[in-house]
1. Enumerate the pairs (first residue in the stretch 182-198 and over 15 Å from R365 (Cα atoms); second residue anywhere and open to solvent by 30 Å² or more (accessible area, probe 1.4 Å) and modelled with pLDDT of 85 or more) with beta-carbon separation below 9 Å, excluding pairs fewer than 6 apart on the same chain, so at least 6 apart or on different chains.
2. Give just the number: which of (1) more than 22 Å from V262 (Cβ to Cβ); (2) touching a helix residue (DSSP H, G or I) at 6+ places or on another chain (Cβ under 8 Å); (3) of a type in the set (S, T, Y) does Y344 not satisfy?
3. What pairs can you find where one residue is in the stretch 315-344 and within 19 Å of L111 (Cβ to Cβ), the other is among the hydroxyl-bearing types (S, T, Y), and their Cβ atoms are less than 6 Å apart, with a gap of 6+ or different chains?
4. Considering each of S66, S55 in turn, give the residue that is of a type outside the set (F, W, Y), outside any helix (DSSP H, G or I) and touching a residue at least 12 places away in the same chain (Cβ under 8 Å).
5. Can you name the condition, by its number, that L284 falls short on among (1) more than 19 Å from the chain's Cα centre (by Cα); (2) under 30 Å from R78 (Cβ atoms)?
6. Take S189 and decide whether it is more than 20 Å from V92 (Cα to Cα), surrounded by 21 or more Cβ atoms within 10 Å (Cβ to Cβ), modelled with pLDDT of 90 or more and in contact with a Phe, Trp or Tyr (Cβ under 8 Å, 6 or more places away or on another chain).
7. Working only within the stretch 213-241, note down all residues that are crowded, with 19+ Cβ neighbours inside 10 Å and hydrophobic (A, V, I, L, M, F, W, C).
8. Among the listed residues A45, A10, which satisfies the condition of being touching a Gly at 6+ places or on another chain (Cβ under 7 Å), modelled with pLDDT under 90 and surrounded by 16 or more Cβ atoms within 10 Å (Cβ to Cβ)?
Amino acid sequence: MQVLNSIGQALFTSFSMLWEILWPLILGFTLSGIVQAVVSHNAMAKTLGGDDPKSLTFATLFGIASSSCSYAAVALARSIFLKGASFTSAMVFEIASTNLVIELGIILIVLLGWQFTAAEFIGGILMVIFIAVIFRLALTPKLVQMAKAHAEKGIMGRMEGHAAMDMSMSGGGSFFSRLLSKRGFTAVSNFFVMDWASVWVDIALGLLIAGAIAAWVPNSFWNAFFFSNNPTLAKIEGPLVGPLVSVVSFVCSVGNVPLAAVLWRGGISFGGVVSFIFADLIILPILDIYRKYYGWKVMAYILVTFYVTMAAAGYVVEFLFEALGIIPTNRNVAAITEGVQWNYTSILNIIFLVLAAILVIRFIRTGGIPMLRMMSKPEHEMHHEL
C-alpha cells in the first residue's frame, strides 16, 4: 500500500503540473502554428547563408517563429544547412527555436513567474551572441566541411521527415487574408497537430519525471546538493550543474520546465534553473543525433561550445537579475504544492481544449493523418511517397 500511495502521489503531482500548463501549451502551439504557416523553409535557408549579424538575426527570428520541439529543431537545422544556410546560422536557429519560442515563455510565466520568462529570453539572446563569437573564433572550415559531408549522407534522425515537411502558405495577399482563408486554417491546424505529435512524448516524460522527483526525493537532498545553505557556492555551482542534470534527464523542449520547477523548489540557483532549461539541446539522445548527422568531432564541438554558452548565459542572468533585485525568493511552486483546483486555470483549460479539438478535427478532415505516418521517415522516402 505504501508503494501504491507513493506512485499515486507522483502521478497526481504530474497531472497537477499538466493541468497547470495545459492552456499555455495549447495557446503557445496555436500561435506558433500561425507564424509557421507563413514562413517557408526554402526562403528561410536562402536568408541564412552567412554568419554575419544580419543572417544571425534572421536565424534567431526564424527560430522564434518555429516549433519548440528540440528533436524537430535539430532536424530542421540540418535541413536548412543542406539547403544553403551556414552552420553558424543553423545552430543559432536551433537555440532560438527551443529557448525563445512563445509557448516556453507562457509556460514559464504560469509555472514559475515572469522573472524566469525574462531570464530565459535574455539568456537565449546572450547564447546566440556567445555562439556567434565562439564560432567566429574557433569554428574551422575543415570542421564545417566535415559536418556537411556527414549531413549529406541522409542518416535518419527522430524528426527528419517532420523537418522536411514545408506546410507554409505561398502566394500573395496580406498576412491576415492568407491566415483567415481556408488554406490558412488548414495550415495552422497542420502545424498545431504535427508539433504536438513531435513533442508530446517529451512533455509526458518531463511531467512523469518531475512528478516522481517531487514526490519521492526529499527537499533536504536537493538543499544539500545545491548548497542552499551557502548562497555563494550555490550561485557558482548552479549554472555548471544545471546543464549536466538536463543532459542525463533525457527530457527536452517544454517538457523540462516542470522538472525545472522541481529543481527550483529544491534549492538550485536562479541561474542554474535558466542554464538547465537551455540544455535541452545537449541531452544524450540529441547528442547521438548530432553524431549521426555531423560525425563524432562535430558532435563533441557542439557539446563543448553549447555547454560553455549555457553556463555563461546562466551566470550573466544570475548576476544581472541580482543587481536589479528581481530574483524571486518564493520557491513554493503552486502546481506542486496546491494540486488541481477549480479556478481560472480550469476555465481556460476547457476553453483551449475546445480550440484544440477544432484544430484537430480540421486536421483530420483535410487529410492530415498520412502526414503523421511520415514524421519519422527519411526525407527521401517522404518525398517518394508524396
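1. Correct list of pairs: W196/V360.
2. Exception for Y344: condition (2).
3. A335/S16; G339/S16; V340/S16
4. On the way: S55 fails: outside any helix (DSSP H, G or I).
Going through S66, S55 in turn, just one is of a type outside the set (F, W, Y), outside any helix (DSSP H, G or I) and touching a residue at least 12 places away in the same chain (Cβ under 8 Å): S66.
5. The number of the failed condition is (1).
6. Details: more than 20 Å from V92 (Cα to Cα): yes; surrounded by 21 or more Cβ atoms within 10 Å (Cβ to Cβ): yes; modelled with pLDDT of 90 or more: yes; in contact with a Phe, Trp or Tyr (Cβ under 8 Å, 6 or more places away or on another chain): yes.
Yes: the conditions hold for S189.
7. If we filter the stretch 213-241 for residues that are crowded, with 19+ Cβ neighbours inside 10 Å, which is where we start, we get 213-215, 226-227, 234-235, 238-239, 241.
Passing the criteria: I213, A214, A215, F226, F227, A234, V241.
8. Working: A10 fails: modelled with pLDDT under 90.
Being touching a Gly at 6+ places or on another chain (Cβ under 7 Å), modelled with pLDDT under 90 and surrounded by 16 or more Cβ atoms within 10 Å (Cβ to Cβ) holds for just one of A45, A10, which is A45.
The values are calculated or read from the model by the stated rules, or taken from the named source; none is laboratory data. Keep in mind that what you see is a predicted model, and the values were worked out from it rather than measured. Ideal geometry is used to build each Cβ from the backbone, glycine not excepted, and the neighbour counts take in all protein chains shown. These accessible areas exclude ligands, DNA and RNA; they are computed on the full protein's heavy atoms, side chains included. Shrake-Rupley method; radii C 1.70, N 1.55, O 1.52, S 1.80 Å.
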